[in-house]
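Asks: Shown below is the structure under consideration.
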Amino acid sequence: MTALLRDVTLRDGLQLTGKVLPVERKLEIVRGLLAAGVPALEIGSMARPDLVAPMANSLELIAALTPDELARCWVWVATPRHVEKAAAAGARNFQYCFSVSDAHNRANIGRDTETSVAAMPDAIRLAHEAGGELQLCLATAFTCPFDGQVDPARVLAIAGDPRTEGATDIVLADTLGQAHPGQVSALVSAVRDTTPPRRIVFHGHDTWGMGVANTLAAVAAGATMVDGALGGLGGCPFAPGASGNTATEDILFATRPDWFTPAALAALVGLSEELLADLGEPNRSRALEGARSKAAAFEWVVGS
């Protein structure tokens, strides 16, 4: 069971830490992840730096990367103007994100969901004019921190709205990590079967310990890209109760894409440990713990 892994450490992973990493350090992480074999990355956000300080130098990071590197990188945007700014710096892959629930969209982006949907055609046009692609990313696709359970019919209505046509992918985000595998399977299947054909991406969090299980359920139901962050870093600053992303290392150990070897795991373990030490953040990856275990006969153990 495999899917394309996108590492979101430099966006969703960093945004709750409160620490701004220098562009040079972010470049090291981008290039370390790509060298290890990670096929896709989310590298930053156009969120206001006064609200999400760790994203303040995202434009500088985009400008420092090569076109070949940027072809594998995604940038979080929430408005057409965000697309313009990121494209001017060199970005070509844009994740246009808003919340299914109005309450969270107001807290996160400052507008209701309908306003975000209405602006999406302009965002798609600008992405295409830049020679790029745009994803439709639906935050709080399962639960909202303010309104509770989200009706799947609302997700399907947005996914089927003509104004969202032109998005190459649809991202279903378990923003709070409160979903369970049955829910994930049902929603991914419904999106697959009843909305326009496009790649389905699952973005999970591990708040209730279901991150890997939900990711596997999503892949089995038809998701072909999944998100993770090194060491399980991350969470939404505008979603009370949100915790870290599902760990990149855990997803890879479970899904075993062809490129993922013991050597690749060792490289990722090194990147994770250095970054977590820089940030003063705890490790939440069980695979990272396993890689540092004493079971030396197991080929995946990196050792201490």
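The values are calculated or read from the model by the stated rules, or taken from the named source; none is laboratory data. All values reported here derive from a predicted model rather than from experimental measurement. Cβ: placed from backbone, ideal geometry, glycine included. Neighbour counts: every protein chain shown. For the accessible areas, the whole protein counts, side chains as well, though only heavy atoms, and no ligand, DNA or RNA atoms are used. Shrake-Rupley method; radii C 1.70, N 1.55, O 1.52, S 1.80 Å.
Asks: Confirm whether Leu252 is touching a Leu at 6+ places or on another chain (Cβ under 8 Å) and more than 20 Å from Ala213 (Cβ to Cβ).
Replies: No; evaluated as a whole, the condition is false for this residue.
Asks: Could you tell me whether any residue of the range 292-300 is touching a helix residue (DSSP H, G or I) at 6+ places or on another chain (Cβ under 9 Å), over 27 Å from Val75 (Cβ atoms) and open to solvent by less than 40 Å² (accessible area, probe 1.4 Å)?
Replies: For the range 292-300, residues touching a helix residue (DSSP H, G or I) at 6+ places or on another chain (Cβ under 9 Å), over 27 Å from Val75 (Cβ atoms) and open to solvent by less than 40 Å² (accessible area, probe 1.4 Å): present.
Asks: If Leu61 satisfies every condition in (1) over 23 Å from Val171 (Cα atoms); (2) surrounded by fewer than 19 Cβ atoms within 10 Å (Cβ to Cβ) but one, which is the exception?
Replies: In the conditions (1) over 23 Å from Val171 (Cα atoms); (2) surrounded by fewer than 19 Cβ atoms within 10 Å (Cβ to Cβ), Leu61 misses (2) alone.
Here is a yes/no grid of residues against (1) over 10 Å from Ala221 (Cα atoms); (2) of a type in the set (Lys, Arg); (3) open to solvent by 20 Å² or more (accessible area, probe 1.4 Å); (4) not in a strand (DSSP E or B):
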position: Ala157; (1), (2), (3), (4): yes, no, yes, yes
position: Arg163; (1), (2), (3), (4): yes, yes, yes, yes
position: Gly166; (1), (2), (3), (4): yes, no, yes, yes
position: Leu172; (1), (2), (3), (4): yes, no, no, no
position: Gly177; (1), (2), (3), (4): yes, no, no, yes
position: Ser185; (1), (2), (3), (4): no, no, yes, yes
position: Ala190; (1), (2), (3), (4): no, no, yes, yes
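Asks: Out of all the residues in the range 89-116, which are among the hydrophobic types (A, V, I, L, M, F, W, C) and in a loop (DSSP other than H, G, I, E, B)?
Replies: Correct list: Ala91, Val100.
Asks: So Ile109 ticks every box in (1) modelled with pLDDT of 95 or more; (2) surrounded by fewer than 23 Cβ atoms within 10 Å (Cβ to Cβ) but one. Which box is left unticked?
Replies: Tallying (1) modelled with pLDDT of 95 or more; (2) surrounded by fewer than 23 Cβ atoms within 10 Å (Cβ to Cβ), Ile109 fails exactly one: (1).
Asks: Which one of Arg292, Arg192 is in contact (Cβ under 8 Å) with a residue 24 or more places away in the chain and basic (Lys, Arg)?
Replies: Checking each option against the conditions leaves just Arg192.
Asks: Of all helices (runs of 4 or more DSSP H) completely enclosed by the range 1-77, which ones contain at least 1 residues that are modelled with pLDDT of 95 or more and under 22 Å from Leu136 (Cβ atoms)?
Replies: Where helices (runs of 4 or more DSSP H) fall fully within the range 1-77 and carry at least 1 residues being modelled with pLDDT of 95 or more and under 22 Å from Leu136 (Cβ atoms), they are 58-64, 67-70.
Asks: Report every pair of residues separated by at least 6 positions or lying on different chains whose Cβ atoms are under 7 Å apart, first residue within the range 144-162 and under 12 Å from Thr194 (Cα atoms), second open to solvent by less than 60 Å² (accessible area, probe 1.4 Å) and among the hydroxyl-bearing types (Ser, Thr, Tyr).
Replies: Leu156/Thr195; Ile158/Thr164; Ala159/Thr195; Gly160/Thr195
Asks: Only one of these conditions is not met by Glu28: (1) more than 28 Å from Arg256 (Cα to Cα); (2) without any contact (Cβ under 8 Å) to a residue 40 or more places away in the chain; (3) of a type outside the set (Ser, Thr, Tyr). Which number is it?
Replies: Unmet condition: (1).
Asks: For the range 262-284, enumerate the residues that are under 19 Å from Pro39 (Cβ atoms) and either of a type in the set (Ser, Thr, Tyr) or open to solvent by 50 Å² or more (accessible area, probe 1.4 Å) (or both).
Replies: Hits for the range 262-284 are Ala263, Ser272.
Asks: Another question about this same structure. Check the range 119-130 and report whether any residue there is out of contact with any strand residue (DSSP E or B) (no Cβ under 6 Å at 6 or more places or on another chain) and not in a helix (DSSP H, G or I).
Replies: yes
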